[in-house]
Amino acid sequence: MSVLAEHHRADGTPGRRRLVRGALTVGLGAALAAAGGPTGGSRTGLHGARPRTPEAALRELSAGNARWRTYHERHPDATRTVRQALVGGQHPFAVILGCVDSRVPPELVFDQGLGDLMTVRSAGEVLDDAVLGSIAFGVVELAIPLVVVLGHQSCGAVTAAVRAAEGLEQLPGHLRYLAEQIRPAVDRSLGRDARVDAAVTQNVRLVRSRLAAEPDLAARVAAGKLAVVGARYELTSQRVNRIR
């Protein structure tokens, strides 16, 4: 199921094989070959083959991210016909829990359109009851087979949490809540830059683990009907890496 480019570095830094936008990796390229290449994809639109398994959903996201970072965006599922069809209901194939950062809009990062993704966004992918309920709605009510926790390089919320953990910044009001939620991901043994970057990745892992253990999701994960995965978007390359 590792169709998103793998990201194994424990310190959270991009691997040595990360390439600039416009390049393809061997692993992701192989996944795209099965999906029709960077300008293709596994679907032909809203009424095409909607991904119904976690594996198929991951392949679709991989294909879309490759189109995005190689400037072959299709901006699918935005036609008049699709807009009219969506009046009658929605059938998204993935939930993306992402950060509020304006540089990381999931529909663009994965080159998807109307009705394709259910996106839930909070600073630093922080979970609360509203976020958990929104994700559970997509999984339980709409039978979505994939949840992706999407962190990103240079996350401001994580940076603020690291500074607060170091005692270098006093955050006002609700920002303190965000910092406290992210604090468990901060490794004080690392240097400043490495500390922030590693915390971005570790925060994704912690959020993913918490989601996978939620009762509404855990049974579906155990039955193979749902996958909850972590991923990270690199601003420098526009590449999405799978986090293990």
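The values are calculated or read from the model by the stated rules, or taken from the named source; none is laboratory data. Remember, predicted model here, so these are calculated numbers, not experimental data. Cβ placement follows ideal geometry from the backbone for every residue including glycine, while neighbour counts extend to all protein chains displayed. All accessible areas refer to the heavy atoms of the entire protein, side chains included, with ligands and DNA or RNA removed. Shrake-Rupley method; radii C 1.70, N 1.55, O 1.52, S 1.80 Å.
What is the distance in Å between the Cα centres of segment 209-231 and segment 151-181?
Between the Cα centre of segment 209-231 and that of segment 151-181, the gap is 27 Å.
Expressed as a whole percentage, what fraction of the accessible surface of segment 95-142 belongs to carbon and sulfur atoms when a 1.4 Å probe is rolled over the protein heavy atoms?
Result for segment 95-142: 56 percent of the exposed heavy-atom area is carbon or sulfur.
Test of understanding: what is the full-extension gain from HIS174 to ARG188, defined as 0.36 nm times their sequence separation minus their Cα-Cα distance?
Stretched fully, the HIS174-ARG188 segment lengthens by 2.7 nm.
So what's the gap between the Cα centers of segment 44-102 and segment 108-141, to the nearest angstrom?
Their Cα centres are 13 Å away from one another.
Please give the per residue accessible area of segment 105-235, computed with a probe of 1.4 Å over protein heavy atoms only, in Å².
About 41 Å² of surface per residue is accessible.
Can you give me the long-range amide H partners of GLY230? Hydrogens built in the peptide plane at 1.01 Å from N, cutoff under 5 Å, separation of 5 or more residues or another chain.
VAL149, ILE243
Taking θ = phi - 60°, what integer Hz values does the Karplus form 6.51 cos²θ - 1.76 cosθ + 1.60 yield along segment 222-232, in sequence order, with x for Gly and Pro?
3J(HN,Hα) across segment 222-232, in whole Hz: 4, 7, x, 8, 9, 10, 10, 10, x, 8, 9.
Relative to a virtual label point 7 Å from the Cα of ARG52 in the Cα→beta-carbon direction, which members of segment 83-99 show backbone nitrogen distances below 16 Å?
91-94
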